[in-house]
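Beneath this line is the structure, given in C-alpha cells, with notes to follow.
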Amino acid sequence: MADAVVDTVTPVPVAVVGAGPAGLMLAHLLGRAGVETIVLDTRTRHEIETTHRAGILEADAARGLVETGVSDRILLDGHEHEGVELRFGGRPYRIDFKKLVGASVWLYPQTDVFIDLAEARERDGGTVHFGVSDTEVLDITTDAPRVRWTASDGTRHEARARYVVGADGSRSMCRDLVPEGRRVRYGKEYPYAWFGVMAEAPMSAPELVYAHSEHGFALISRRTETVQRMYFQCAPDEPVDAWPDDRIWETLQARVAGEDGFRLKEGPIIEKTVLRFRSFVQEPMRWGSMTLAGDAAHTVPPTGARGLNLALHDAKVLAGVLLRALGSEGAAALADYQPRALQRVWRAQNFSYWMTRLLHTAPGDTPFDLRRRLGELDNAVGTRAGRTFLAEQYTGWPAGAHD
Ligand code: PHB
C-alpha cells in the first residue's frame, strides 16, 4: 500500500490525523500563522457533531477560543460557573472558585467546541477531510513523512508533510507507530463506569452537582434550559436495556437526596449510554517527525473535567513548537513539546484519579474504606486548604506554570 499509485499528491507543512478539538485547534492556530495543514478523520462531521462528550472549559481555554478568532459563541451560549456543589452524607457543600482562587470555568459542551472549530476551518479555507478510510502514516522517522487515505468517494490521496501530528483520539493508531520497545504506556482501569443520560427536564441546580452516596456517584450537569445531562456510577458492563426511565430517576434521586430536601426535576429521558473510562498516558509524545496530541497521548476519567482542556493545551503548546520547527530552528524545537505538555498532563492525571476515587464507591470497599472516604471528603470541603486544592485543580493552571 505504501507505494501504490494514488490519485493526488499534495505537499503540506503539517498533516494532522484526527479532527477532534486537539487536531482542529492545532490546525486553526497554525492557519492563523500562515501555515497550511491537511486534517483527516475517519468519522463524518455529522458523527462527531452528534457524539456527546463532557462540557467544562477552563476560563483560559474559553478565552483562547474567543481571542484566537475561533468563535465568540461561547460567550452567548456558554455559561460561566463560579463554583460547583459537592454533596455527601446528605449535605451540600459549595466550592466557591471565585472566592478561593479567583477563577471560574465555562459550561460549553465539547460538541459545540467541535462545531465552532470545524466552522472556523471552513471559513478560513482550511482543509479537513471527514469520513476517510484506510489512513496510513508513513516514514515518520525521516524528515519527509507521508499520510495516505481513501476519501469518501473511493479515491486515494497522499499528503507529503514535514511534520505529522497524531490527534486521533483514545483509540489512536498513530501512537502504535512509536516502536513497542521505545514507548511506555501508563494506565489504570476503574471497576466502574458512568451511565449517562440526557433528559428533557428543567434545570435542577444552578451549578454542577457532584454527589457521593453510599450507593455511589452521581453528577448533575446540563446542556440547555430544557435539556439536562446527568450521570451515575454503574458497572462497566451494565446493560443499557436494564434501565427504564423510572429506575434511572429513582437511582439519581437516591444519590442526591439529602436533609435539605433536594430533588431533581424529572422528565423524559431521550438518551442513555454507558461510558467506560480509564487513565492513560503514552510517552514519548514525539517520535521522529510525528507528535501526539490530546487523547491519543493521554486520557483521563471524566470526573475532573480535564480531558478537553488538556487537548486544547496540547494544541497551543504544539502550535508554538511546530512554528519554531518550521522556521529557522528546525526539528530540534520539537524537543520542547513533551516537557511543556506533560507537566500539565500528569497534574491532571493526578487530579482526575483523586476526584474519581474520592466520589465513587468500589465493589470491594470495606467499611473502613467507606468511612475513610467520608473523612477525605470532609477534608476536601471542610478545610480551606482542601477547598482551595479542589478549586485550583478544577479551574486549571495558568499556561506554562512551573510553580
Ligand atoms: C458534562 O457536562 O457532560 C460533564 C461535566 C463535568 C464533568 C463531566 C461531564 O466532570
Problem set entry | Hits in the range 144-156 (condition: assigned to a loop (DSSP other than H, G, I, E, B) and surrounded by 13 or more Cβ atoms within 10 Å (Cβ to Cβ)) | Pro145, Ala151
Exercise. Restricting to the range 184-242, what's the tally of residues that are in contact (Cβ under 8 Å) with a residue 60 or more places away in the chain and of a type in the set (Asp, Glu)?
Worked result: 4
Exercise. With respect to Ala193, is the statement that it is among the small types (Gly, Ala, Ser) and either away from the ligand (no atom under 15 Å from the Cβ) or closer than 18 Å to Pro302 by Cβ (or both) true?
Worked result: yes
For this session: Sort out for me the helices (runs of 4 or more DSSP H) sitting completely within the range 277-385 that have 3 or more residues that are buried (at least 17 other Cβ atoms within 10 Å of the Cβ) and among the polar types (S, T, N, Q).
Result: 337-359
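Looking at Arg229, is it part of a strand (DSSP E or B), within 21 Å of the chain's Cα centre (by Cα), within 30 Å of Ile74 (Cα to Cα) and not β-branched (Val, Ile, Thr)? Break it down into steps so the answer makes sense when it comes.
Numbers: part of a strand (DSSP E or B): yes; within 21 Å of the chain's Cα centre (by Cα): yes; within 30 Å of Ile74 (Cα to Cα): yes; not β-branched (Val, Ile, Thr): yes.
So Arg229 passes the test.
Looking at Thr8, Thr37, can you tell me which residue is surrounded by fewer than 19 Cβ atoms within 10 Å (Cβ to Cβ) and in contact (Cβ under 8 Å) with a residue 40 or more places away in the chain? Don't jump to the end; show me each part of the working.
Numbers: Thr37 fails: surrounded by fewer than 19 Cβ atoms within 10 Å (Cβ to Cβ).
Matching residue, one of Thr8, Thr37: Thr8.
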Problem set entry | Restricting the range 49-65 to residues that are away from the ligand (no atom under 16 Å from the Cβ) and in contact (Cβ under 8 Å) with a residue 24 or more places away in the chain, the residue that is farthest from Phe114 (Cα to Cα) | Asp60
For this session: Check whether at least one residue in the range 246-255 is away from the ligand (no atom under 16 Å from the Cβ), closer than 24 Å to Asp378 by Cα and touching a helix residue (DSSP H, G or I) at 6+ places or on another chain (Cβ under 6 Å), and report yes or no.
Result: no
Exercise. Cβ-Cβ below 8 Å, separation at least six or inter-chain, first residue in the range 261-274 and in the same structural domain as Glu238 (by TED's automatic domain parsing), second open to solvent by 70 Å² or more (accessible area, probe 1.4 Å) and in a strand (DSSP E or B): which pairs?
Worked result: Gly267/Glu200; Pro268/Glu200; Ile269/Glu200; Ile270/Glu200
For this session: Taking the residues in the range 119-137 that are over 12 Å from Leu40 (Cβ atoms) and over 24 Å from the mean Cα position of the chain (by Cα) as candidates, determine which candidate is surrounded by the fewest Cβ atoms within 10 Å (Cβ to Cβ).
Result: Gly125
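Test Gly187 against the stated conditions and say whether it is away from the ligand (no atom under 16 Å from the Cβ), in a strand (DSSP E or B) and open to solvent by 10 Å² or more (accessible area, probe 1.4 Å).
Values: away from the ligand (no atom under 16 Å from the Cβ): yes; in a strand (DSSP E or B): yes; open to solvent by 10 Å² or more (accessible area, probe 1.4 Å): yes.
Yes; evaluated as a whole, the condition is true for this residue.
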Problem set entry | Restricting the range 298-338 to residues that are polar (S, T, N, Q) and away from the ligand (no atom under 16 Å from the Cβ), the residue that is farthest from Arg183 (Cα to Cα) | Ser328
For this session: Kindly indicate which of Ile248, Ile220 is in a strand (DSSP E or B), crowded, with 17+ Cβ neighbours inside 10 Å and among the hydrophobic types (A, V, I, L, M, F, W, C).
Result: Ile220
Exercise. Only one of (1) under 30 Å from Arg387 (Cβ atoms); (2) crowded, with 20+ Cβ neighbours inside 10 Å; (3) more than 16 Å from the ligand (Cβ to nearest atom) fails for Arg91. Which number is that?
Worked result: (2)
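The values are calculated or read from the model by the stated rules, or taken from the named source; none is laboratory data. Keep in mind that what you see is a predicted model, and the values were worked out from it rather than measured. Every residue, glycine as well, gets a Cβ built from its backbone with ideal geometry; the counts of neighbours run over all protein chains shown. To get the accessible areas, we keep the full protein, side chains included, count just its heavy atoms, and leave off ligands, DNA and RNA. Shrake-Rupley method; radii C 1.70, N 1.55, O 1.52, S 1.80 Å.
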